[in-house]
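Taking it in order: structure first as structure tokens, then the write-up.
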Amino acid sequence: MSNYYFHFQYNLGYINIAKNSSTSITPYLKQAGFKNIQAEDIPTDQEDLPFFYILRNPIDRFCSGRVETYCNSADSWGTSKTEHA
């Protein structure tokens with residue numbers, strides 16, 4: 001599920017996609033004047049309404065997910081530094 005942000009002064013939208021820098025960019029968006037809105041609240045009175053988003057390389061995303069899943073929990077592959085590496 002994506003979150004939508006919109007800057008009403010500049011008529012610019014952002015689609016916040018989970019696991020694609022969503023946690024990192026949210027504070028910046030709020031500081032820059034973007035408001036969190038629902039999809040049905042996106043203005044429809046303009047012909048061209050630019051939106052942007054961040055997409056990570058799928059292979060990088062998969063690899064970081066594997067590392068996070070198997071190496072960051074205490075009960076994963078063990079407790080030795082070699083296993084965690």
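Does Tyr14 meet the test of being open to solvent by 100 Å² or more (accessible area, probe 1.4 Å), under 15 Å from the mean Cα position of the chain (by Cα) and either modelled with pLDDT of 85 or more or of a type outside the set (Lys, Arg) (or both)?
Judged against the criteria, Tyr14 is not a match.
So which residues in segment 54-67 are loosely packed, with under 11 Cβ neighbours inside 10 Å and of a type in the set (D, E, K, R)?
Answer for segment 54-67, where residues must be loosely packed, with under 11 Cβ neighbours inside 10 Å and of a type in the set (D, E, K, R): Asp60, Arg66.
How many residues does segment 28-53 hold that are modelled with pLDDT of 90 or more and open to solvent by less than 80 Å² (accessible area, probe 1.4 Å)?
Summing the residues that are modelled with pLDDT of 90 or more and open to solvent by less than 80 Å² (accessible area, probe 1.4 Å) in segment 28-53 gives 8.
Considering only segment 17-27, state which residues are open to solvent by 100 Å² or more (accessible area, probe 1.4 Å) and in contact (Cβ under 8 Å) with a residue 12 or more places away in the chain.
Result: Lys19, single match.
For Gly13, are the conditions met, namely being touching a His at 6+ places or on another chain (Cβ under 9 Å), over 30 Å from Thr69 (Cα atoms), small (Gly, Ala, Ser) and not in a loop (DSSP other than H, G, I, E, B)?
yes
The values are calculated or read from the model by the stated rules, or taken from the named source; none is laboratory data. All figures in this text were calculated on a predicted structure; none of them were measured in a lab. Here Cβ is always computed from backbone atoms with ideal geometry, including for glycine, and neighbour counts include all displayed protein chains. In case anyone asks, the SASA skips ligands and DNA or RNA and just uses the protein heavy atoms, side chains included. Shrake-Rupley method; radii C 1.70, N 1.55, O 1.52, S 1.80 Å.
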